[in-house]
Each structure stands twice: as C-alpha cells, then as structure tokens.
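Inspection log for the structure reproduced underneath, given as structure tokens.
The values are calculated or read from the model by the stated rules, or taken from the named source; none is laboratory data. The structure displayed is predicted, hence computed values, not measured ones. Cβ: placed from backbone, ideal geometry, glycine included. Neighbour counts: every protein chain shown.
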C-alpha cells in the first residue's frame, strides 16, 4: 500500500526538484500531499527528518542500479543501466546542487555520494575491460586509456541533466544514451560495431 510516509517523501522530492531544498516549507509539502501540517508532523517531526529520509531513498535507489546489472556486462546490459541512471538523475536532480553546496562540510550524505561515485567508476572500468576482452572494444593504446574513458562516461552520466537544465538542451533518454555511446563508438572493433548496430542502434534511431 502506498502509505502516507512514502507520499510525503515523494512529494518532498518533487518540491525539492522544483524549488530547491532550502526553499521548501513544511506547509508546501503538506499541501502537495493533501494533508494537514499536524498530520505531516505525526510522520516526521521536522523538515530535517524528511530530508534524511529523502536522502536514504536516494542512496538506496542509486545503489540498486549497481546491484541490478552485474551478471552479464555486455552492450545490452550497459544500455539498460544507462536508462536506469537517466531515470535516477532526472527524478533526483535536486541532489547534485545540494552536494556541491554542502561538499565543504562533508556531512554523511556527501560521504555516501562519494562511496556511490567510487562504485560507479569501478563498475564502468570493469565494463570497459570486459568489452575489450570480449573483442568489442580495441585494446588500450596506453595503460590508463580506459580509466580516462570511464571518467568521460561518468561525467556524461552524472552531468547531462544539469547541463540540459542550464543550456536549454533537449533532455530525453535518447539524447542521454547517445552522449554515452558517442564516447565508446570510436573504440569499437568491427565485432563491437556489428553488435552495436544490431542491439543498440535500432533503439536510438541514429
């Protein structure tokens, strides 16, 4: 059952995205949910408690992306994970601005984000190594080539949504995926290009 506590958390995420975390008041959250402030206070004693629950949900969703696609890191699997990242960052885009505002004080949620980023980079490097060993990507020209490529992909995955917000660029999943695959396309072998053309390209309407 979709309970009141979850409705409060989801309404808070929506309002944080629209107005920024600092600007949202308890009254706004209560109105968004359709309950009184007193009823809201029954579930969360203050705004700080709501924020903590929101962050807990954010990190659980972030971690779930890593746990879902670990068995077979092929191109199709990676494309599915890219879609999951798009859904996550569009749903929780308020979080990046909060991270950069509070980064100097290193609160617990910033540390959790840093752990998540580390997991993300490790998994990206592992995917590139797997695709190279599988014969879909060219061997590294230099020892840190795929480390650099992993960082480029990470930047694309994380900052596409805020970039679109700032520049007015069209923000949709197709463009999000294209940004990532454009980084990998120059590294494809003929085998990798064939797999890409067969499994990924039809979805992107290139």
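Yes or no, residue by residue, for (1) in contact with a strand residue (DSSP E or B) (Cβ under 8 Å, 6 or more places away or on another chain); (2) assigned by TED's automatic domain parsing to the domain that holds residue 154; (3) modelled with pLDDT under 95:
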| residue | (1), (2), (3) |
| --- | --- |
| 17 | no, no, yes |
| 20 | no, no, yes |
| 26 | no, no, no |
| 69 | no, yes, yes |
| 79 | no, yes, yes |
| 94 | no, yes, yes |
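Filtering the stretch 26-40 down to residues that are without any contact (Cβ under 8 Å) to a residue 12 or more places away in the chain and surrounded by fewer than 15 Cβ atoms within 10 Å (Cβ to Cβ), which residue is nearest to residue 8 (Cα to Cα)?
From the stretch 26-40, those without any contact (Cβ under 8 Å) to a residue 12 or more places away in the chain are 27, 30-31, 34, 36-38; that's our starting set.
Going one step further and asking which of them are surrounded by fewer than 15 Cβ atoms within 10 Å (Cβ to Cβ), we end up with 27, 34, 36-38.
Numbers: 27: 12, 34: 10, 36: 11, 37: 11, 38: 13 Å.
My answer is 34.
Within the stretch 65-99, can you find the residues that are over 11 Å from the mean Cα position of the chain (by Cα) and in a helix (DSSP H, G or I)?
Initial filter on the stretch 65-99 (over 11 Å from the mean Cα position of the chain (by Cα)): 67-80, 94, 97-99.
Result: 67, 68, 75, 76, 77, 78, 79, 80, 94, 97, 98, 99.
Any idea which of 170, 165, 199 is within 18 Å of the chain's Cα centre (by Cα), farther than 23 Å from residue 64 by Cβ and either in contact (Cβ under 8 Å) with a residue 40 or more places away in the chain or buried (at least 18 other Cβ atoms within 10 Å of the Cβ) (or both)?
Values: 170 fails: either in contact (Cβ under 8 Å) with a residue 40 or more places away in the chain or buried (at least 18 other Cβ atoms within 10 Å of the Cβ) (or both); 199 fails: within 18 Å of the chain's Cα centre (by Cα).
Testing whether each residue is within 18 Å of the chain's Cα centre (by Cα), farther than 23 Å from residue 64 by Cβ and either in contact (Cβ under 8 Å) with a residue 40 or more places away in the chain or buried (at least 18 other Cβ atoms within 10 Å of the Cβ) (or both) leaves just 165.
When you check residue 53 against the structure, is it more than 23 Å from residue 118 (Cβ to Cβ), at pLDDT 90 or above and either buried (at least 19 other Cβ atoms within 10 Å of the Cβ) or out of contact with any helix residue (DSSP H, G or I) (no Cβ under 8 Å at 6 or more places or on another chain) (or both), yes or no? Full working, then the answer.
Working: more than 23 Å from residue 118 (Cβ to Cβ): yes; at pLDDT 90 or above: yes; either buried (at least 19 other Cβ atoms within 10 Å of the Cβ) or out of contact with any helix residue (DSSP H, G or I) (no Cβ under 8 Å at 6 or more places or on another chain) (or both): no.
No: the conditions fail for residue 53.
What's the total number of residues in the stretch 29-46 that are in contact with a helix residue (DSSP H, G or I) (Cβ under 6 Å, 6 or more places away or on another chain) and either within 30 Å of residue 127 (Cβ to Cβ) or assigned to a helix (DSSP H, G or I) (or both)?
7
Please enumerate the residues belonging to the stretch 1-18 that are farther than 18 Å from residue 52 by Cα and in a helix (DSSP H, G or I).
Selection gives 18 alone.
Can you find a residue in the stretch 136-154 that is within 26 Å of residue 54 (Cβ to Cβ), within 18 Å of the chain's Cα centre (by Cα) and at pLDDT 90 or above? Break it down into steps so the answer makes sense when it comes.
Going through the stretch 136-154, the residues within 26 Å of residue 54 (Cβ to Cβ) turn out to be 154.
Still in the list and also within 18 Å of the chain's Cα centre (by Cα): 154.
Cutting the leftovers down to at pLDDT 90 or above gives us 154.
Looking through the stretch 136-154, at least one residue is within 26 Å of residue 54 (Cβ to Cβ), within 18 Å of the chain's Cα centre (by Cα) and at pLDDT 90 or above.
What do you reckon, is residue 155 surrounded by fewer than 17 Cβ atoms within 10 Å (Cβ to Cβ) and out of contact with any helix residue (DSSP H, G or I) (no Cβ under 7 Å at 6 or more places or on another chain)? Walk me through it before giving the result.
On the way: surrounded by fewer than 17 Cβ atoms within 10 Å (Cβ to Cβ): yes; out of contact with any helix residue (DSSP H, G or I) (no Cβ under 7 Å at 6 or more places or on another chain): yes.
When the stated conditions are applied, residue 155 passes them.
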